[in-house]
Amino acid sequence: MPERRRHRGPDPEDAASFGPDALPRLRAATHDASWLLSRGYSSKAVGTLTGDRYQLTERQRRAVMRCAAGEDAVARRLAR
């Protein structure tokens, strides 16, 4: 069966969404998301709460959620 997936490459908005001007907002959102995850909030709720508070695009929300981790998850990773 032929391969149907194609790499789309970077989104045209990536330079603005992840550039130097957006980094402080993304860092703050990641910090808040990690704090909420540490307190037992669900991933879905955390993504919605932080994304809405910081007015993130869907792509930025996904990036933040991939970077955020609760304290217990960090401890498990460091223990390996």
How long are the three semi-axes of the equivalent ellipsoid for the chain, computed from the Cα gyration tensor as the root of 5 times each eigenvalue, in whole Å, largest first? 25, 19, 12
What nm value, rounded to one decimal, do you get for the distance between S38 and Q55 when each label is placed 7 Å out toward the C-beta? 2.8
Rounded to whole Hz, the Karplus (6.51, -1.76, 1.60) HN-Hα couplings of the range 55-70, x for glycine and proline: 6, 8, 6, 4, 5, 5, 4, 5, 5, 4, 5, 6, 8, 7, 8, x
Looking at the range 38-72, which trypsin sites (Lys or Arg not before Pro) are in a loop (DSSP not H, G, I, E or B) and have at most 14 other Cβ atoms within 10 Å? R39
Relative contact order in percent for the chain (Cα pairs under 8 Å, 6+ apart) equals 33
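Coordinate-derived values only; no laboratory data. Only a predicted model underlies this, so the values are computations on that prediction, with no experimental measurement involved. Neighbour counts run over all protein chains shown; Cβ positions are idealised from the backbone, glycine included.
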